[in-house]
Amino acid sequence: MRCGAYPAATVALAYASREVVIDDLLPERDPNLLDLCGEHVERMVPPRGWTVRDLRTLVPAAAE
Ligand SMILES: [Zn+2]
């Protein structure tokens, strides 16, 4: 799912709670987490039965 765009958020998969947790981009790259660009975060479809939890504080304003 990686693309050439600049990552905008860090995504963690919490298997125990079946949650996709989206958070602000981590300053340090964590190989266990996914850094996604804004577009891929928006287009991301959680696995069936999972919920998405958006903890981001730096959500980019919707393009005018
Ligand atoms: Zn992308």
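Going by the structure shown, is Ala12 in contact with a helix residue (DSSP H, G or I) (Cβ under 6 Å, 6 or more places away or on another chain), surrounded by 11 or more Cβ atoms within 10 Å (Cβ to Cβ) and in contact (Cβ under 8 Å) with a residue 12 or more places away in the chain? Walk me through it before giving the result.
Details: in contact with a helix residue (DSSP H, G or I) (Cβ under 6 Å, 6 or more places away or on another chain): no; surrounded by 11 or more Cβ atoms within 10 Å (Cβ to Cβ): yes; in contact (Cβ under 8 Å) with a residue 12 or more places away in the chain: yes.
It is false that Ala12 is in contact with a helix residue (DSSP H, G or I) (Cβ under 6 Å, 6 or more places away or on another chain), surrounded by 11 or more Cβ atoms within 10 Å (Cβ to Cβ) and in contact (Cβ under 8 Å) with a residue 12 or more places away in the chain.
When segment 31-50 is examined, which residues are found to be open to solvent by 100 Å² or more (accessible area, probe 1.4 Å) and more than 10 Å from the ligand (Cβ to nearest atom)? Give the derivation first.
As a first pass, look at segment 31-50 and keep what is open to solvent by 100 Å² or more (accessible area, probe 1.4 Å): 31-32, 39, 42-43, 45, 48.
Those that are open to solvent by 100 Å² or more (accessible area, probe 1.4 Å) and more than 10 Å from the ligand (Cβ to nearest atom): Pro31, Asn32, Val45, Arg48.
The values are calculated or read from the model by the stated rules, or taken from the named source; none is laboratory data. Everything numeric here is computed off the predicted structure, so don't read it as measured data. All Cβ positions, glycine included, derive from the backbone under ideal geometry; neighbour counts span all protein chains shown. Only protein heavy atoms, including side chains, enter the accessible area calculation; ligands, DNA and RNA are left aside. Shrake-Rupley method; radii C 1.70, N 1.55, O 1.52, S 1.80 Å.
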